1. Name the residue, out of N36, N72, that is assigned by TED's automatic domain parsing to the domain that holds G115 and within 29 Å of the chain's Cα centre (by Cα).
2. Quick one: is D293 of a type in the set (D, E, K, R), within 16 Å of ligand 2 (Cβ to nearest atom) and out of contact with any Cys (no Cβ under 9 Å at 6 or more places or on another chain)?
3. Would it be correct to say that M268 is open to solvent by less than 20 Å² (accessible area, probe 1.4 Å) and more than 16 Å from ligand 2 (Cβ to nearest atom)?
4. What's the total number of residues in segment 550-581 that are open to solvent by 70 Å² or more (accessible area, probe 1.4 Å) and within 23 Å of A520 (Cβ to Cβ)?
5. Restricting segment 192-229 to residues that are more than 11 Å from ligand 2 (Cβ to nearest atom) and hydroxyl-bearing (S, T, Y), which is surrounded by the fewest Cβ atoms within 10 Å (Cβ to Cβ)?
6. Could we say that I238 is part of a strand (DSSP E or B) and within 16 Å of ligand 1 (Cβ to nearest atom) here?
7. Could you list, in sequence order, all residues of segment 205-235 that are assigned to a loop (DSSP other than H, G, I, E, B) and either within 16 Å of ligand 3 (Cβ to nearest atom) or without any contact (Cβ under 8 Å) to a residue 12 or more places away in the chain (or both)?
8. Quick one: C179 ticks every box in (1) open to solvent by 10 Å² or more (accessible area, probe 1.4 Å); (2) over 22 Å from D463 (Cα atoms); (3) over 22 Å from the mean Cα position of the chain (by Cα) except a single one, so which number is it?
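The values are calculated or read from the model by the stated rules, or taken from the named source; none is laboratory data. Keep in mind the model is a prediction, meaning the values are calculated, not measured. With ideal geometry, Cβ positions are generated from the backbone for all residues, glycine too; neighbour counts draw on all protein chains shown. Each accessible area value is taken on the protein alone, full model and side chains, heavy atoms only, with ligands, DNA and RNA left out. Shrake-Rupley method; radii C 1.70, N 1.55, O 1.52, S 1.80 Å.
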Amino acid sequence: MTKSTSGKSGTANKAVLSWVDQIAKLCKPDRVYWCNGSKAERKALIAEAVASGVLLKLNPKKRPGCYYHRSNPNDVARVEQSTFMCSESQEEAGPTNNWMAPKEMYERLYGYAAGSMRGRTLYVVPYLMGPPGSPMAKVGFELTDSIYVALSMGAMTRMGDVALEELGNREDFNRGLHCMLDIHPERRYISHFPKDNAVISVGSNYGGNVLLGKKCLALRIGSCLGRQEGWMAEHMLILGVESPTGEKTYVAAAFPSACGKTNFAMMMPPARLKGWRVWTIGDDIAWMKPGPDGRLYAINPEAGYFGVVPGTNSQSNPAAVEMISHDTIFTNVALTPDLDVWWEGKDGSPPRECLDWKGNKWTPDSREKAAHPNSRFTAPMANNPLLAPEANDPQGVPISAIIFGGRRSDTMPLVFQAFNWGHGVYVGATMGSEMTAAAVGGAGQVRRDPMAMLPFCGYHMGDYLRHWINMHKAIKHPPRIFHVNWFRKDQQGAFLWPGFGENMRVLKWIVDRCHARADAEESALGWVPKPDSLDLAGLSNFTPARFEQVQAIHAEEWRREIMMHEELFIKLHTRLPKELIFQRELLLARL
Ligand code: GTP
Ligand code: SPV
Ligand code: MN
């Protein structure tokens, strides 16, 4: 029943069929193509994308199975000002989301969608978020006129018949519609309708705006579902740490966009920490639910990585270098004359000449960057040499530690541990980070980004923080909570901490803390490693003075920091859990 062939529907699910029919009548495509997710189909779709110029085949000797894509230069990142939560009331969406009444938004977007696929193909993309058979998995459909989106969804999710099989005749699927229109910022809307489990995205063809399983379903709609159903949808990587004795400890970490999740999840530890290994379960999103044993279990709903390219090299992320050496789609990097790709921070020296991400001639003297700072790779997780087999475990993995971390040049030390869950929620809730190229506008400015979810929480942020506090009661053995900052700088503007693989030293302390075998001392912020409880041997130039500098807590910086906590709290005041105000008082007293 669920075997589709040559673009025909492979489902008898009436709710699906009638909705697809309704959208096709609205958008009026010349052709409706149902994706089945087979290898043969992928090959055929790629050939079609190459023929129409959407993809360029890269040099098969240098990058077998790889393709190059350029997005419209006005469409290179998520756009938060065009992202809307169309809840029943504005109060539900809260002060951190844009809101429009659902009826009004439907009218506007159906207006744009009407007839917009004339002369085009509508791809019906069924997809499954989560391992097949997982009680936490969810099915979505993306109806899109973008072959780039159909192909990307094929790498990022479990796409095709597998999703139809999982859904059967149920009606609880996410209804996603994506219309490219003319890729104009004025007609760009990424709109979510939590009551209908629906998403409509128009006017973009870039990443998080249009791969509707990712930020739209797995986080914005997912966070709404999680609150109702007693689980958590988080902007977190998931990794497994293997110790020299073979013990495995699972860790989830929330860092804001372009702040190091993919790198941390694929970390290669330094030789010094012999026998310690990291395995990837997910690099961007975690769905977490209390299990029968009282621990918090996490799955990665995705099946691929849409990762930041610049800075990827054999020092920073050797596993990613290997992963993207084949069967990868590159978006907005530079193109070399021999049909390979280049980006700032790649191994080796820059090409003498190439085409930049816009297609203009570029030389090392050019003032602009060759690759867009938010250029990305799209690769299936199966190609990650560090993939943990548990990434396909329907039950997920039990989380021992949750780590929060922002990008902060000052104020925040390298690492500290929260005293308890309530304090940890405060640490996550008040997290600040410098904005990055992953979203349009504001790069470099510090803003509050609670749990790295500011752009992704689908309802009132105050209620979200309440949900975090409530979850404690549902988890008998809650994960320990930590905060890290890889980005603190010295007076000269250089990073104090070497980062990347060396982050294993911090992760080891975190894991050892979870197993009650690492020392710590109390500070105003929380538990911090004693100078000798963090293994720093073999780190060149990392003197004890440097360690003190990276861990320092400066009173005047913290006075400013707490004022910034206050700004967020004032914004959320009508629904801010009182527990957080209490935590703030405790912090003030400790400082
Ligand atoms: P999204 O996919 O946008 O959610 O981002 P992400 O959190 O997965 O970020 P990613 O790992 O791709 O890192 C983004 C940028 O941070 C890259 O340019 C990295 O080079 C840089 N970065 C990652 N880890 C470290 C680190 O430990 N130290 C320093 N200095 N930079 C890092
Ligand atoms: C992010 O911005 O957090 C990303 C990239 O992971 S995107 O898919 O564009 O949202
Ligand atoms: Mn992300």
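1. N36
2. Taking the combined requirement at face value, the residue does not satisfy it.
3. So M268 fails the test.
4. Count: 1.
5. Among residues in segment 192-229 that are more than 11 Å from ligand 2 (Cβ to nearest atom) and hydroxyl-bearing (S, T, Y), the one surrounded by the fewest Cβ atoms within 10 Å (Cβ to Cβ) is S223.
6. yes
7. Y206, L211, L212, H235
8. Going through (1) open to solvent by 10 Å² or more (accessible area, probe 1.4 Å); (2) over 22 Å from D463 (Cα atoms); (3) over 22 Å from the mean Cα position of the chain (by Cα) one by one, C179 breaks only (1).
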